[in-house]
Amino acid sequence: MKNKIFITSLLCGSGICLLLACNNRRKHTTPKQKQIVTNIRQLDEVIADNITERLSALEDNEGELEDSLHAFRPSAIRQFYGENKPAGRWSKNGVANPAADSMLYMIRHAEDAGLLPAQYHEPALSEAWERINRDTSEKKDAALWAKVDVLMTDAFMRMLSDLHFGVAPRDSITLKKDSLFADGQLVSQLQRALEERNVADILHAQEPVHGGYLALKAAVQTFKSKSGGRRWDPLPLDYTDTAAFRQLVINRLVQSGHLDTAGRQNDTWQLLKTGVKAFQKEFNMYADGIPGKRTVAALNRSAHDWVMQAAVNLDRWRKLPDTLPQQYIMVNLPAYKLEVIDSGEVKLESRVIVGTPRTRTPLLNSYMTNFMMFP
């Protein structure tokens, strides 16, 4: 019987948009937006009333929360707060729990793991946090604390799932047998995070431990640190003046830090080739030093575009099983590279041919029993 080797291919691509239709004709329930409690001893009791009101509105509004985002799992949120009068879980007597600070930090830095902060109520939570820290009277606003409580609960549950299973729907490269947490799992993980005050650790524990995932995540941080705040001029895809175009490319490479022309006496072509190669190597492209149309298109992309492209591949890593086979082949399509991995070590590395943008190489996971050389 022939050995079967697992083969997978990864391709950086554009993000995935999900459009949600909303029936504007249905009745929309709006919970209280402000309720100041003068006696701080009664604050938590009034917060509980406001949470009850928000859970009722969540059901009336078919899962839509106050910031117009749909709750990740309304049934899990209701289970978390319980059947009786629900107490606030993220604050006590007008003071946020340490876990709340950790959760807000994870939300604001969600992009570090290839996630979008806005999907975890970042605008609404940041605005609420600013109000609470700016005005002492806001600390007594039971409606505001209840809003923060429910939004943070939903954000934790969504992020827990997204870090483990990924954001995009199951597709041709998904290998995990399970695809979602049960309500009880979401609730127990959140309860544990709040009790042990280790929100960040529990969320990070959901991420893959594959070397490729960790390396890509670290590379995103390095890239953001290097490119932070930089802007560059776009390059023309078509031109008639070659000398002028080469100078534009050199200027562009200087703007992004891929070329330092200070004190350099090299001719324009040598400078250009050095800078283009540095750029191509950083972005895992074939480093021929030539500013062709594919390289120019890459040079024209913004730093945020690159971060979002990396986010797509981080999500694809999350679709793979927690443990990869002992032997497998990994094909890196943008780098035109194939690696044969055995027991965690690269045993063979080779260049490969991939499709053009019009005839793309498909993304897939499959089993290979034989192959043909020089067909």
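Some observations on this one:
- If only residues of region 118-130 that are in a helix (DSSP H, G or I) and open to solvent by less than 40 Å² (accessible area, probe 1.4 Å) are counted, the one that is nearest to ASP154 (Cα to Cα) is TYR120.
- Taking every residue in region 55-69 that is in contact (Cβ under 8 Å) with a residue 24 or more places away in the chain and closer than 15 Å to ASP149 by Cα and pairing it with any residue that is of a type in the set (Ser, Thr, Tyr) and open to solvent by 50 Å² or more (accessible area, probe 1.4 Å), at least 6 positions away or on another chain, the pairs with Cβ-Cβ distances below 9 Å are ALA57/THR30; GLU66/THR30.
- Matching residues in region 283-306 - criterion: being part of a loop (DSSP other than H, G, I, E, B) and closer than 24 Å to ALA113 by Cβ: PHE283, ASN284, ARG301, SER302
- Verdict on GLU66 being acidic (Asp, Glu), surrounded by 14 or more Cβ atoms within 10 Å (Cβ to Cβ) and at pLDDT below 95: yes
- Given (1) assigned to a helix (DSSP H, G or I); (2) at pLDDT below 95; (3) open to solvent by less than 30 Å² (accessible area, probe 1.4 Å), index of the condition GLU111 fails: (3)
- The combined condition, being surrounded by 12 or more Cβ atoms within 10 Å (Cβ to Cβ) and free of Cβ contacts under 8 Å to residues at least 24 places away in the same chain, is fulfilled by GLN270.
- Residue in region 23-41 that is within 26 Å of LEU314 (Cα to Cα) and in contact with a Gly (Cβ under 8 Å, 6 or more places away or on another chain) present: no
- Being of a type in the set (Ser, Thr, Tyr) and at pLDDT 90 or above holds for only one residue in SER350, SER366, and it is SER350.
- Condition met for ASN365 (open to solvent by 50 Å² or more (accessible area, probe 1.4 Å), over 21 Å from the mean Cα position of the chain (by Cα) and not hydroxyl-bearing (Ser, Thr, Tyr)): no
- Total residues in region 291-301 satisfying the condition of being without any contact (Cβ under 8 Å) to a residue 60 or more places away in the chain and open to solvent by 50 Å² or more (accessible area, probe 1.4 Å): the figure is 3.
- The lone criterion from (1) out of contact with any helix residue (DSSP H, G or I) (no Cβ under 9 Å at 6 or more places or on another chain); (2) open to solvent by less than 30 Å² (accessible area, probe 1.4 Å) left unmet by ASN313 is number (1).
- Note on region 73-100: among residues that are closer than 21 Å to ASN198 by Cβ and part of a loop (DSSP other than H, G, I, E, B), the one that is most open to solvent (accessible area, probe 1.4 Å) is ARG89.
- Candidate set: region 233-267, residues that are out of contact with any Phe, Trp or Tyr (no Cβ under 9 Å at 6 or more places or on another chain) and in contact (Cβ under 8 Å) with a residue 40 or more places away in the chain; chosen: the one surrounded by the most Cβ atoms within 10 Å (Cβ to Cβ): VAL249
- Residue within region 57-66 that is more than 25 Å from the chain's Cα centre (by Cα) and not in a helix (DSSP H, G or I) present: yes
- Residues located in region 178-222, provided they are polar (S, T, N, Q), open to solvent by 40 Å² or more (accessible area, probe 1.4 Å) and not in a helix (DSSP H, G or I): SER179
- Residue check: LYS217 meets all listed conditions (1) under 30 Å from SER343 (Cα atoms); (2) in contact with a Lys or Arg (Cβ under 7 Å, 6 or more places away or on another chain) but one, namely (2).
- Answer residue from region 35-63, given it is in contact with a Ser or Thr (Cβ under 8 Å, 6 or more places away or on another chain) and not acidic (Asp, Glu) and is most open to solvent (accessible area, probe 1.4 Å) among those: ILE36
- Across region 146-168, a minimum of one residue is classified as over 22 Å from ALA193 (Cα atoms), surrounded by fewer than 20 Cβ atoms within 10 Å (Cβ to Cβ) and hydrophobic (A, V, I, L, M, F, W, C).
- Some residue of region 125-140 being at pLDDT 95 or above and under 20 Å from GLN79 (Cβ atoms): no
The values are calculated or read from the model by the stated rules, or taken from the named source; none is laboratory data. If you're wondering where the values come from, they're calculated on a predicted model, not measured in any experiment. Ideal geometry is used to build each Cβ from the backbone, glycine not excepted, and the neighbour counts take in all protein chains shown. The accessibility values were calculated without ligands, DNA or RNA, using every heavy atom of the protein model including side chains. Shrake-Rupley method; radii C 1.70, N 1.55, O 1.52, S 1.80 Å.
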